[in-house]
There are 2 protein chains.
Amino acid sequence: MKALSPVDQLFLWLEGRQQPMHVAGLQLFSFPEDAGPKYVSELAQSMRDYCCPVAPFNQRLFTRFGQSFWIEDKQFDIDHHFRHEALPKPGRIRELLSLVSAEHSNLLDRERPLWEAHLIEGIRGRRFALYTKVHHSVVDGISAMRMGMRALSPDPNERDLPPVWANTPKRRERMQLTANPVAAVSGLARLTAGLSKQIATVPALAREVYQMTQKARSDDDYVSIFQAPQSIINQRITGSRRFAAQSYNTSRFKALSKVFGCTLNDIVLAVCGSALREYLISQNALPDKPLIAMVPVNLRQDDSAGGNQIAMILANLGTHIADPANRLRVIKASVEEAKCRYKQMTPAEILNLTALMMAPTGLNLLTGLAPEWRAFNVIISNVPGPKEPLYWNGAKLEGMYPVSIALNQIALNITLTSYVDQLEFGFIGCRRTLPSMQRLLDYLEHGLRELEVAANLK
Amino acid sequence: MKALSPVDQLFLWLEGRQQPMHVAGLQLFSFPEDAGPKYVSELAQSMRDYCCPVAPFNQRLFTRFGQSFWIEDKQFDIDHHFRHEALPKPGRIRELLSLVSAEHSNLLDRERPLWEAHLIEGIRGRRFALYTKVHHSVVDGISAMRMGMRALSPDPNERDLPPVWANTPKRRERMQLTANPVAAVSGLARLTAGLSKQIATVPALAREVYQMTQKARSDDDYVSIFQAPQSIINQRITGSRRFAAQSYNTSRFKALSKVFGCTLNDIVLAVCGSALREYLISQNALPDKPLIAMVPVNLRQDDSAGGNQIAMILANLGTHIADPANRLRVIKASVEEAKCRYKQMTPAEILNLTALMMAPTGLNLLTGLAPEWRAFNVIISNVPGPKEPLYWNGAKLEGMYPVSIALNQIALNITLTSYVDQLEFGFIGCRRTLPSMQRLLDYLEHGLRELEVAANLK
């Protein structure tokens, strides 16, 4: 019996019928060449045979005197956790996204280990998919994605790979990836949870906040804490989700970052900013002031050094600017300014400043008291993924898309990951708060082309 | 804006993550002969076109000062309510039941009209299915089933039938069926809700209760109020459901009722009792005392008379008796005794006695205070259905199965309905409280054969 940490407990409290707190990953595979007509049914049967999961997949909640614990589930039922499903015809990606949208809207059963894996057949072009859903109190989004990758192998000839819930710790270690960024939502809650203690103990913070306020007066594009505008993204959400996903060739983003002399992540933000601008215009809901994104960034420039130094920055998305190159300049300046400020600070100061920035949002998540105090409008999180192609019992992983969490007042989350030479975007949002949000995919492509035209690449 | 009745409000209060309060119907169709390969996709598209539903399908909840109202949903989104899905291969009934089990475990979104319709393709033997799920606060189980039937036609050549949510009131009237029994669960809650008032005002009831107590002392098989034994069916439930369904030829039941000189419903209870006995033995959990079923019965013998007189009776299922013919005798006597008692009572007295019988269960549902006061162990409800074959735009309805509600302390509900010459059984239960409950289908068949052997019919 292991007590939940306060932060993991927080994810249980935050969860409601309208705000499920599970994260997921969608993996798309192509059939191995020698796959017969019963390939997926046989795969499903072989997965059902792994009916004795390892921790945390065998742990269920147990609550006593208001404190929750993880205990082993003595009546584990693999048929509840592993589901074999199919797409209706014609089995396009559209049908797949629609299935994932519906599944991601459903709450996990709290009487059982908090995870489900859905093997999905009937996808056009000899493909199948695996949608794996885990509660945020068990793992954060990044760990969930990494878990999914650990079950795979770089060797197309390796067979008899156990599914993720049956992975042995040894195998896990071997497959451990080096990247270790902080998941945006997880970081948010972790910071919120520790907030009261830290703010009280670090008065040096006051100076930083003072400087931020001064700067805000003299520079219109500067992002301070409480300036994110009201937008339709920032409303109460309902329980139904829309998931949209798209793969891009990373080279398109790299070419742009070279021309504009900025980071690949700046281009990502610019393209997202463009897509959000177009979407808000289509809904007659573009705010006069720019949308602000919360973005986890790696402050360490030197990739060779072990470990990472992650901070949350607030980036101006320039959604009030029509010209794509100008928009990119504002974004780049806003990200550089934030990074630069962090560089002059100690890690403790960074943590505290981040906590302060998150405070209004964290407060609202927990209490709903002050929705007009808004530090940011949307979360955009870029998570490094595997650089080599991966295989699952011979089936090649063609793409992998993160499916994150929509929150009250933050109805949209954009998470992307890299895989070999692809950038994989996953949009999750409340489909009622954000009607037709699947259009964001078209607007994303449009935003990218717009920049390519501005850079004379098209 | 229309306020919810206290009873409908009650269904909202009773609902929780572990106890969804929606009812559903599963309809199985065969393709029309001229159906092409795109038949189901085209059907799905034509259903999506009906995107302006009629009441109650366009009504969502709105709560103010603790009172709930129905208001029109101004942002109705047909893609949320209508889902097109498919079974994985091999697409047997087993895969269909597994999909329905999973879907029936999911809560409806309370920010929207409380219904969903799932069109399911990929069923073997040129068949498809429609699973329609409605919250109990909108309609009771029987009305839901009847609604599903109203969307159908006895004419195989009738086309362009609108789906149930777009049905016009005129069409509804035309298709109205005459049978009008009270749904078991609904009746239970309705009775519970009115309980305190009625008990206080009818002292004549005391005499009846006294007589019941006296009888209980002298007759072992007599069913009084608090004597249902503890069993594994009567525990706290979890959120995950198992649905099992089976069609039987009604003639088998009729032949038995003729041989044994009892009603068809007595045979149904005997076969259910036999299945429950076998199941409990397989789980090492057969109580020494017989299980008690709550059964809605029609007290009016004369079918020609309009209207019905429905009461809830408590039937001794004789699960402690190994011999099938003896078990049937106990069941028959217990049902006759209950009906006979009702006949000597006025309708008001019947209502009050029923309310009293339900009281411990209703109280426990609402408060969980006295789980050892148990009036019954399981609900068995037999609802008359259509006598003629029905068609949906040329597709023949092959079978229809009710999917009801499992409750805390009543983890199993058996609802059956008739359709032409078939008896359609639907079992819904908590799959965690009742492991491998799909075996009940085998045990049901076994129970039927056992009686046929005893009757020299096999």
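The values are calculated or read from the model by the stated rules, or taken from the named source; none is laboratory data. Note that the coordinates shown come from a computational prediction; the quantities given were computed from them, not determined experimentally. In this analysis, Cβ positions are derived from the backbone assuming ideal geometry, glycine residues included, and neighbour counts consider all displayed protein chains. Ligands, DNA and RNA are excluded from the accessible area calculation, which covers all protein heavy atoms including side chains. Shrake-Rupley method; radii C 1.70, N 1.55, O 1.52, S 1.80 Å.
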Please enumerate the residues belonging to region B:414-458 that are of a type in the set (S, T, N, Q) and not in a loop (DSSP other than H, G, I, E, B).
B:Thr415, B:Thr417, B:Ser418, B:Gln422
Subset of region A:323-340, residues open to solvent by less than 20 Å² (accessible area, probe 1.4 Å) and over 18 Å from A:Ala454 (Cα atoms), comes to A:Ser334, A:Val335, A:Ala338
Which of the residues spanning region B:36-60 are open to solvent by less than 20 Å² (accessible area, probe 1.4 Å) and within 14 Å of another protein chain (Cβ to nearest Cβ)?
B:Val40, B:Leu43, B:Ala44, B:Met47
Just wondering, is there one or more residues in region B:36-47 that are part of a strand (DSSP E or B), closer than 24 Å to B:Ala86 by Cα, of a type in the set (A, V, I, L, M, F, W, C) and not assigned by TED's automatic domain parsing to the domain that holds B:Cys430?
no
For region B:110-128, does any single residue satisfy the condition of being open to solvent by 10 Å² or more (accessible area, probe 1.4 Å), modelled with pLDDT under 70 and within 20 Å of B:Gly399 (Cα to Cα)?
no
Within region A:257-273, track down each residue that is within 19 Å of the chain's Cα centre (by Cα) and either farther than 24 Å from A:Leu26 by Cα or in contact (Cβ under 8 Å) with a residue 60 or more places away in the chain (or both).
A:Asn265, A:Asp266, A:Ile267, A:Val268, A:Leu269, A:Ala270, A:Val271, A:Cys272, A:Gly273
What is the one condition in (1) open to solvent by 10 Å² or more (accessible area, probe 1.4 Å); (2) at pLDDT below 90; (3) not acidic (Asp, Glu) that B:Met212 does not satisfy?
(1)
Select from region B:104-118 the residues that are among the acidic types (Asp, Glu) and either touching a Cys at 6+ places or on another chain (Cβ under 6 Å) or within 9 Å of another protein chain (Cβ to nearest Cβ) (or both) and list them in ascending order.
B:Asp109, B:Glu111
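Please go through region B:78-87 and give me each residue that is at the interface with chain A (Cβ under 7 Å from one of its Cβ atoms) and either modelled with pLDDT of 95 or more or open to solvent by 30 Å² or more (accessible area, probe 1.4 Å) (or both), ordered by number.
B:Arg83, B:His84, B:Glu85, B:Ala86, B:Leu87
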Scan region B:231-256 for residues that are within 14 Å of chain A (Cβ to nearest Cβ), more than 18 Å from the chain's Cα centre (by Cα) and open to solvent by 20 Å² or more (accessible area, probe 1.4 Å) and report the count.
3
Matching option when the condition is under 25 Å from B:Phe425 (Cα atoms) and among the aliphatic types (A, V, I, L, M), among B:Ile93, B:Ile71:
B:Ile93
Conditions (1) touching a Gly at 6+ places or on another chain (Cβ under 8 Å); (2) among the β-branched types (Val, Ile, Thr); (3) more than 13 Å from chain A (Cβ to nearest Cβ): number failed by B:Val134
(1)
Please enumerate the residues belonging to region A:61-75 that are open to solvent by 40 Å² or more (accessible area, probe 1.4 Å) and without any contact (Cβ under 8 Å) to a residue 60 or more places away in the chain.
A:Thr63, A:Arg64, A:Phe65, A:Gly66, A:Glu72, A:Lys74, A:Gln75
The lone exception for B:His22 - which of (1) of a type outside the set (A, V, I, L, M, F, W, C); (2) open to solvent by 30 Å² or more (accessible area, probe 1.4 Å); (3) closer than 18 Å to B:Val138 by Cα it fails:
(2)
Is it the case that some residue within region B:8-19 is of a type in the set (Phe, Trp, Tyr), in a helix (DSSP H, G or I), open to solvent by less than 40 Å² (accessible area, probe 1.4 Å) and more than 13 Å from chain A (Cβ to nearest Cβ)?
yes
Could you grab me the full set of residues in region B:316-352 that are among the aliphatic types (A, V, I, L, M) and modelled with pLDDT of 80 or more?
B:Leu317, B:Ile321, B:Ala322, B:Ala325, B:Leu328, B:Val330, B:Ile331, B:Ala333, B:Val335, B:Ala338
Of all residues in region B:379-411, count the ones that are over 9 Å from the mean Cα position of the chain (by Cα), surrounded by fewer than 24 Cβ atoms within 10 Å (Cβ to Cβ) and over 26 Å from B:Glu42 (Cα atoms).
8
Helices (runs of 4 or more DSSP H) fully within region A:60-160 counting 2 or more residues that are among the polar types (S, T, N, Q):
A:93-104
Is it fair to say B:Ser218 is modelled with pLDDT of 90 or more, within 21 Å of B:Ile331 (Cβ to Cβ) and over 18 Å from the mean Cα position of the chain (by Cα)?
no
Counting only residues in region B:412-438 that are away from chain A (no Cβ under 14 Å) and open to solvent by 10 Å² or more (accessible area, probe 1.4 Å), the one farthest from B:Ala255 (Cα to Cα) is identified as B:Thr415
Of all residues making up region A:88-97, the number that are open to solvent by 40 Å² or more (accessible area, probe 1.4 Å) and within 8 Å of chain B (Cβ to nearest Cβ):
2
Kindly establish whether B:Ile313 is surrounded by 19 or more Cβ atoms within 10 Å (Cβ to Cβ) and either over 29 Å from B:Val453 (Cα atoms) or at pLDDT below 90 (or both).
yes
